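Structure first, commentary second.
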Amino acid sequence: MLALALAFLACASGQTRAAAQTTSPSLAPEEKARQEEAARMEAHLRAAVPPPEIVLPPPPADPKRIDGTWIMDQVTPLHMTHDASGHDIPMTDAANAILQARQRAVYVDHDPIVATGPQCLPPGQPWQFGLLTPFQILQTPDSVTFVFSEYHTVWSAPLGVASPAAGPRQYMGQSAGRWEGDTLVIETSTYKLPLWLEPDGMPASKDARVTMHLRRISDHGPELEIATTIDDPEMFHAPWTYVHTYAWRPDMEVFEEYDCEAQAASAAQGQALKTKEQH
Amino acid sequence: MGRVRAGKAAACAVLSVVTLLLAHPVQAAPNDMEGVWRLSRPQSLLVPGGGGLPPFTKEGRARFEANRKAAARGDFRFDAVRSSCASPGQPRLMLSSRPFALFVRPRVVTLVYAWNHTFRQITVGEPLPNPASGPHWWVFGSAQGHATARWDGDTLVVKTDSFTDGRLLDAFTPTSDKLTLTERLRLRSPKVLEDRITVSDPGIFTRRWDAVLTYARATDAKLPFAEDVCLDRLKAGQPAWP
């Protein structure tokens, strides 16, 4: 639930830069409630990510060093409807059906379908990078590792590799990274489960290919820009791209431990006790 | 006779070099610790330097024996790691038979464990003020505890406290929220990492005690580690903590 709350937080601010409007014509009353919730969470957002208390040490001078700690500094919509260029997301009928089932479960049935992250399973890059929680990047000449505070997810990609290995399916997929100029390109495929691309439930299949272009920018202070392209013929008629930006925040580099499995076990025990008492 | 004299001279030369090295050890740079490491000798218990059991209090020994007997019956409810994949925390993660990657950065040393995509962060020196979490975010405790460190030459001296109560130090040894660990991490050689751990937990042990863990630079493992999901193993009826 914390993840869901954070995802709500992430979608709640007004500083959208990439993708867009949040509408769902078939669920207009629910959309209104969702927007009210988003507005309520905006105040929490501003409290949750306060500005630094000190002048932060700068990131490495080399633009090809992305080592350090970053946190999303833009707010993304709860439900993406447009890509980074403002075009409609080219969803297939299959994708629409899954999305609507997931939305209905939350807003109509009030019995959400739980994504992998809140089950303490690695949630895939789109969900993980959409959270308003910091992550640390650890770079070596032959690998890049992302350490996330949420769900204690760790994701590594080998560098200098042309394409993802034909290894077993994994929750975070099989990845391959390479530098194109000052941009790090990481391709990931071979997912173990279908993905949730955002908290409302935009789906991708487990055969999706997710390509991320990471580069340092400095439009609003030191930032990391990640453009993510989803290539998934089962769910989308054509590849499409969205963009998130992340602020350089070395003051958030040590994370409070998120013992997801312990919390889940404790919650399950509590629920079992409650059920027992009710009977 | 001449052969004896030559042998003596050679021995003296070797001795001189050894003496010189001992007096002026070659200093390893902190970054030399980076890499992928694996416990040299798999072990389920943290064993004191002299061998045997830790210096238990009466209560500590009773809880240790109770845990051991429960495990012998196949009852692992005493162990949240085995029963629910909860974080093993410290120092138990340092006993994992699976490799870990160690990253040395100016303010943070990070260990990324192959076990259940888990990591440990150690603050080096004075931390930057974090406006999101506040100055004392760790006071409620965690399995990993609150780790701070300083460099003493080429040795990373790590102090960890603020643990949650009722965890396990290893497979059976109980701990409390009074547990504190002092670790001295150093390269014994380019391919051997040593972690000298001093354990203190007054309700469980009668005195502080030391254990030494060594790790070999892994030649058969590198990043990215194969994805390990403890909950999947548990679901499949496999051990959570292999």
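So what is the relative contact order of the range B:33-235, in percent, for Cα pairs below 8 Å that sit 6 or more residues apart?
Relative contact order, the range B:33-235: 26 percent.
If you plug each phi of the range A:130-140 into the Karplus form 6.51 cos²θ - 1.76 cosθ + 1.60 with θ = phi - 60°, what whole-Hz ³J(HN,Hα) values come out, in order, with x for Gly and Pro?
Those phi angles translate into x, 7, 8, 9, x, 9, 10, 10, 10, 10, 10 Hz.
Which shape class applies to the range B:33-235: rounded if a/c is under 1.5, otherwise prolate when a/b exceeds b/c and oblate if not, where a ≥ b ≥ c are the square roots of the Cα gyration tensor eigenvalues?
rounded
Which residues' amide hydrogens lie under 5 Å from the amide hydrogen of B:Val108, considering only partners 5 or more residues apart or on another chain, with H built in the peptide plane?
Here B:Val124 satisfy the definition.
Only sites in a loop by DSSP and with at most 11 other Cβ atoms within 10 Å count here; which trypsin sites (Lys or Arg not before Pro) in the range B:130-210 make the cut?
B:Arg207
For a test of the definition: using alpha carbon positions, the gyration tensor, and the 1.5 limit on a/c, classify chain A as rounded, prolate or oblate.
Rounded, since a/c falls under 1.5.
Any idea what the relative contact order of the range A:148-193 is, in percent, if you count C-alpha pairs under 8 Å spaced at least 6 apart?
In percent, rounded to a whole number, it is 34.
List, in order, the whole-Hz ³J(HN,Hα) value for each residue of the range B:85-96 obtained from phi through the Karplus relation with A = 6.51, B = -1.76, C = 1.60 and θ = phi - 60°; use x for Gly and Pro.
Running phi through 6.51 cos²θ - 1.76 cosθ + 1.60 with θ = phi - 60° gives 6, 4, 4, x, x, 10, x, 4, 4, 6, 9, 4 Hz.
Tell me the mean residue ellipticity at 222 nm calculated for chain A from its helices only (DSSP H runs of n ≥ 4, each -39500 (n - 2.57), averaged over every residue, nearest 500).
Value at 222 nm, helices only: -8000 deg cm²/dmol.
Leaving out ligands, DNA and RNA but keeping every protein chain, what accessible area does A:His152 have, in Å² rounded to the nearest 10, with a 1.4 Å probe?
The value for A:His152 is about 20 Å².
Give the percent of DSSP beta bridges with both residues in the protein assembly as shown that are antiparallel, rounded to the nearest 5.
Approximately 95 percent, going by the DSSP bridge assignments.
Using a 1.4 angstrom probe on heavy atoms only, work out the carbon and sulfur share of the accessible area of the protein assembly as shown in %.
56 percent
Could you pull out the chymotrypsin sites (Phe, Trp or Tyr not before Pro) across the range B:63-143 that fall in loop regions by DSSP (anything but H, G, I, E, B) with no more than 14 other Cβ atoms inside 10 Å?
Filter output for the range B:63-143: empty list.
What nm value, rounded to one decimal, do you get for the distance between A:Val108 and B:Leu234 when each label is placed 7 Å out toward the C-beta?
The two pseudo-label positions are separated by 3.4 nm.
Please give the net charge around B:Gly141, taking every other residue with its beta carbon less than 10 angstrom from that of B:Gly141, where Lys and Arg add +1 and Asp and Glu add -1.
With Lys, Arg at +1 and Asp, Glu at -1, the net is -3.
Name the residues of the range A:104-125 whose accessible area, probed at 1.4 Å, falls by at least 20 Å² once all protein chains are in place instead of their chain on its own?
Checking the loss per residue gives A:Leu121, A:Pro122.
Nearest 100 Å² is fine: what is the total accessible surface buried where chains A and B meet, probe 1.4 Å?
Accessible area lost upon association: around 3300 Å².
Would you mind working out the magnitude of the charge dipole of the range B:33-235 relative to its Cα centre, with +1 at each Lys and Arg C-beta and -1 at each Asp and Glu C-beta, to the nearest 20 Debye?
400 debye
Report the gain in length on full extension from B:His136 to B:Val192: 0.36 nm times residue separation, minus Cα-Cα distance, nm rounded to one decimal.
Taking 0.36 nm per residue and subtracting the Cα distance, the gain is 16.6 nm.
Amide H to amide H, which residues 5 or more places from A:Val144 or on other chains are under 5 Å from it, using H placed in the peptide plane?
A:Ala157, A:Leu159
Work through the residues other than A:Met172 whose Cβ is under 11 Å from its Cβ and net out their charges, Lys, Arg +1 and Asp, Glu -1.
Taking every other residue near A:Met172 into account, the sum is +1.
Please compute the average number of Cβ atoms from other chains found within 10 Å of each residue's Cβ in peptide A:137-144.
Mean partner-chain Cβ count within 10 Å for A:137-144: 3.
Going by the alpha-carbon gyration tensor, a ≥ b ≥ c the square roots of its eigenvalues, is the protein assembly as shown rounded (a/c under 1.5) or, if a/c is not under 1.5, prolate (a/b greater than b/c) versus oblate?
prolate
Would you please give the residues with an amide H less than 5 Å from that of B:Ser162, counting only those at least 5 places away or on a separate chain, with H modeled from the backbone geometry?
B:His146
Let me check against my output: what whole-number percent is the relative contact order of chain A, with C-alpha pairs under 8 Å and at least 6 apart?
21 percent
Is there a simple number for the mean count of other chain Cβ atoms within 10 Å of the Cβ of residues in A:166-174, and what is it?
2
Which ³J(HN,Hα) values, rounded to whole Hz and listed in residue order, are derived for the range A:78-87 from phi using the Karplus coefficients 6.51, -1.76 and 1.60 in 6.51 cos²θ - 1.76 cosθ + 1.60 with θ = phi - 60°, glycine and proline given as x?
Values per residue, Gly and Pro as x: 4, 10, 7, 10, 10, 7, 5, 8, x, 8 Hz.
Once the other residues with Cβ under 10 Å from the Cβ of A:Lys192 are scored (Lys, Arg +1; Asp, Glu -1), what is the net sum?
Once all neighbours under 10 Å are counted, the net charge is 0.
Counting only heavy atoms of the protein chains, get the accessible area per residue of the range B:33-235 (1.4 Å probe) and round it to a whole Å² value.
About 43 Å² of surface per residue is accessible.
Return the average number of partner chain Cβ atoms within 10 angstrom of each residue Cβ along peptide B:101-110.
5
The values are calculated or read from the model by the stated rules, or taken from the named source; none is laboratory data. Because the structure is a prediction, the values reported are computed rather than measured. When we count neighbours, we look across all protein chains shown, and the Cβ atoms used for this are built from the backbone with ideal geometry, even at glycine. These accessible areas exclude ligands, DNA and RNA; they are computed on the full protein's heavy atoms, side chains included. Shrake-Rupley method; radii C 1.70, N 1.55, O 1.52, S 1.80 Å.
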